[in-house]
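Just below is one structure, and these are the notes that go with it.
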Amino acid sequence: MGDRELLDLVAVGDRAAFEVFFRRHGVWLTMRLRYRCADPAVVDDVVQETFLDVWRGAARYRDDGDVAGWLWRIGARRLVDAMRGHGSRARLTRLLARLRGRDEPSAEEQVLAGVEHGDLAGALARLSPELRAVLQATVLDGLTTNEAAALLGIPPGTVKTRALRARRQLRQELT
């Protein structure tokens, strides 16, 4: 049975035809992908995704070219997608590893140190209501400057100025 006939059967859900198609092309696709990628785990995932695409989309094959070429195009696209994802994950992992090695205290540790060694609650209470409202909106609620401005009914520039004044006042009182 030819590849086109197998794909016609796969398109209607024939598992036996799919198995024959996989046995016919799986090793070839794996070997060809290994020339492009040295990581066997990535290649195995790509082969699996490729044949999953074939199972789901065999009806999309048009009889205007070689079945192996069609399969290769699917596999090559899947490999590019996997390598993009793998590369960004690897870069993120390296960055996080570098950051983990630093001895700088986290933001939470800095706040806790301020609570232990300074009068944070008292310093916040001594802020004017306008400055405290801006800190509440931007720091505690996590709003952007524009969102805080809309919430408080003041211009964005005023939010920035009040946030700067509040930080300066807190810094002076806590150091």
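What follows is calculated from the coordinates using simple rules that are stated; it is not laboratory data. Everything numeric in this text was worked out from a predicted model, so none of it was measured. Positions of Cβ are backbone-derived with ideal geometry, glycine not excepted, and every protein chain shown enters the neighbour counts.
A few points about this structure:
- Size of electric dipole in the range 1-72: Cβ of Lys, Arg +1 and of Asp, Glu -1, about Cα centre, debye, nearest 20: 120
- Environment charge at residue 27 (Cβ cut-off 13 Å; Lys +1, Arg +1, Asp -1, Glu -1): +3
- In sequence order, the range 23-30 has phi-based couplings of 4, 6, 10, x, 5, 4, 5, 4 Hz under the Karplus curve 6.51 cos²θ - 1.76 cosθ + 1.60, θ = phi - 60°, and Gly or Pro positions carry x.
- Gain on full stretching of the segment that runs from residue 44 to residue 167 - 0.36 nm per residue minus C-alpha separation: 38.9 nm
- Each other residue within a Cβ distance under 11 Å of residue 130 adds +1 if Lys or Arg and -1 if Asp or Glu, for a net charge of +3.
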